[in-house]
Amino acid sequence: MARFIRVMPKAEYHVHLEGTLEGEMKFMLAQRNGITLPFADVAAMKASYQYHDLPSFLAIYYDGMKVLVTEQDFHDLALAYLAKAASQNVLHTEMFFDPQEHLKRGVAMETVILGISRARAEAAKLYGISSGLILCFVRDLDPHTAMEALDAALPYREHLVGVGLDSDEKGHPPGKFAAHFAKARAAGLKVTVHCDVNQENTLAHIRQAIVDLKVDRIDHGGNILQSPELVALAKQRGLSFTVCPSFSGQVRGEGGDIEVVRGMLDAGLNVTIASDDPAYMGSEYLTEVLIRAQRRSNLTKAELLQIERNAINAAWLGDEYKARMLARLDIFAKAWA
Ligand SMILES: [Zn+2]
């Protein structure tokens, strides 16, 4: 089964580029930029990755970004993730980035986007992996700074496929960003939002996402299982969900993403699986996360293939390219059978 998962063609759309910043690279970039990290070595730093909830995780996650300064830094970060994903037979990925966190440190939008895009072009050529870029609004910062980030990014519109909404959800419902999403849509961008599991007012947030914002995807969203009405709406809309069953039990507590995969599949929802912040979650990339999910939910090979079919169908790509990826998945399934 592990070999099946390793070889299976895959796609993922819920990976935060800044969350792929491995300890070794963090040290390398800190040295390159003359930044002193408060750790003796990588092992000591990784030992500090202790989370008991979303805010305690986010504090460590945002602090780690400070080593990202130059265009070359963003390039190196993105290229390392894309190489890793390609080595796991990920055909296509759509990656989040959090520009507000960089803009507030004085790093220009151009530096961030052009660094990442140069890596995307190289990875396509070197490893054959295609990718998209999703600008995430950091929901617990001032919404004005989210609008500033969008305005700063729109001159680079051709580098983006969509906008998202991440970070600490408590008190920051998706509806608070309606104007931001409307502006992004007017520029032809797709929309997705994090509705993390077991958050305060989670069903109200999921409802806002589906009914008011008419999102194109939902990130996490497992609590939808508590509302047959919302499940029916999501199915009617053909909405896809990016679920992250990494060892996020630490971050999301009991009943996290790992617990909802089986229920969402059985409910007939378009579940996809993704790695979220692999560098901060035991370096579990998509293969390892799928193996974890398979074991916990006793997923069959047919169900794993369905999850990847869902993922390919959920890509923000043209139909022709999706058909080619689906054909590769079918060839794999037949060869394995
Ligand atoms: Zn996320």
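The values are calculated or read from the model by the stated rules, or taken from the named source; none is laboratory data. Since the structure is predicted, the reported quantities are computational estimates derived from the model, not experimental observations. All Cβ positions, glycine included, derive from the backbone under ideal geometry; neighbour counts span all protein chains shown. Heavy atoms of the whole protein, side chains included, go into the accessibility calculation; ligands, DNA and RNA do not. Shrake-Rupley method; radii C 1.70, N 1.55, O 1.52, S 1.80 Å.
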(request) Using the structure shown, list the pairs from K26/K190; K84/K190; K66/K214 with a Cα-Cα distance above 28 Å, or answer none. (result) K26/K190; K66/K214
(message) Roughly how far apart, in whole Å, are the Cα centres of the stretch 170-191 and the stretch 264-282?
(response) 23 Å
(request) Rounded to whole Å and sorted largest first, list the principal axis extents of the Cα atoms in the chain. (result) 52, 42, 40
(request) For K10, go through the aspartates and glutamates and keep the ones whose alpha-carbon is under 18 Å away, minus same-chain ones fewer than eight residues off. (result) E94, D219, D276, D277, E284, E288, E303, E308, D319, E320, D330
(message) Just want to confirm a number: the relative contact order over the stretch 105-209, from Cα pairs under 8 angstrom separated by 6+ residues, in percent.
(response) 25 percent
(message) Order 182-195, 126-139 from most to least packed using the mean count of other Cβ atoms within 10 Å.
(response) 126-139, 182-195
(request) Pick out, from L230, A124, F241, the residue whose Cα sits farthest towards the positive end of the charge dipole of the chain, with +1 on the Cβ of Lys and Arg and -1 on the Cβ of Asp and Glu. (result) A124
(request) Please name which of A274, L317, T111 has its Cα lying farthest along the dipole of the chain towards the positive end, using unit charges on Cβ (Lys, Arg +1; Asp, Glu -1) and the Cα centre as origin. (result) L317
(request) Could you work out the relative contact order of the stretch 1-111, using alpha carbon pairs under 8 angstrom and six or more residues apart, expressed as a whole percent? (result) 47 percent
(message) Report the Cα-based extents of the stretch 182-296 along its three principal axes, largest first, to the nearest Å.
(response) 38, 32, 25
(request) Quick one: compute the contact order of the chain, relative version, from alpha carbon pairs under 8 angstrom and 6+ residues apart, as a percent. (result) 20 percent
(message) Given the -39500 (n - 2.57) contribution per DSSP H run of 4+ residues, what per-residue ellipticity at 222 nm results for the chain, rounded to the nearest 500 deg cm²/dmol?
(response) -15000 deg cm²/dmol
(request) Just the number, please: carbon plus sulfur as a percent of the accessible area of the stretch 222-306, 1.4 Å probe, no ligands or DNA/RNA counted. (result) 47 percent
(message) So if I take the centroid of the Cα atoms in the stretch 131-150 and the same for the stretch 1-51, what is the distance between those two points in Å?
(response) 22 Å
(request) State the percentage of accessible surface on the stretch 169-210 attributable to carbon and sulfur atoms; use a 1.4 Å probe and exclude ligands, DNA and RNA. (result) 56 percent
(request) Return, for the Cα atoms of the stretch 1-124, the radius of gyration and Dmax in Å, separated by a comma. (result) 15.3, 47
(request) Please report, as a whole percent, how much of the solvent-accessible surface of the stretch 1-82 comes from carbon and sulfur atoms (probe radius 1.4 Å). (result) 59 percent
(message) So, for the chain, what is the accessible surface per residue at a probe of 1.4 Å, expressed in square angstrom?
(response) 39 Å²
